[in-house]
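Structure first, commentary second.
The values are calculated or read from the model by the stated rules, or taken from the named source; none is laboratory data. These numbers come from a predicted model, not from an experiment. Side chains are part of the model used for accessible areas, which takes the heavy atoms of the whole protein and leaves out ligands, DNA and RNA. Shrake-Rupley method; radii C 1.70, N 1.55, O 1.52, S 1.80 Å.
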Amino acid sequence: MHKLTIAFAASLVLIGGVVRAADGELDMDLMQTIEDTNKSLASNIATQNAPGSTADAKELQDLFGKVEAHFVSKGGADDAVDLSRKSKELAGAIVKSVGSKDFTTASDSATTLSRTCRTCHTFYKKS
C-alpha cells in the first residue's frame, strides 16, 4: 500500500509539473479540464460516440480560446498563441469530421491535437 501511495503522489507531482510547465500563471484547473476533456474526446471518437465527441470538441474550442487569450495578454509567447489557435482549429475540424461521420479523420485530428498540447508544454517547460 505504501508503494501505491508513493507512486500516486509521484504521478500527481509529474502531472502538476507539466501543467505548471505550460505557464505558471495559467489556472491549473483549466489545464486539468483540457487534459480530461481531451481524454474524453479520444474515447468518444474511438467508440464513434458522435454527440459526446462533438460536445468535447466544442468545449476544447472554448478552452483553447481561453488559453489563447491568456498568452495574447501575456505577450512574448507567440508560439503559445499559435499553438492555441491551431488547437482551436483542430477541435473545429473534429466537429466537422464527426458531423460527417468521418471518425478516422476525427481520430487523426485528435492525435494531432494531443501532439500540439505536448509541443506547447515543451516550449514553456520551466527549467
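Only Cα pairs under 8 Å and 6+ residues apart enter the sum, and on that basis the relative contact order of the stretch 27-123 stands at 28 percent.
Accessible area per residue for the stretch 27-123, computed on protein heavy atoms with a 1.4 Å probe, is 52 Å². Surface composition of the stretch 27-123: carbon and sulfur make up 49 percent of the accessible area, probe 1.4 Å.
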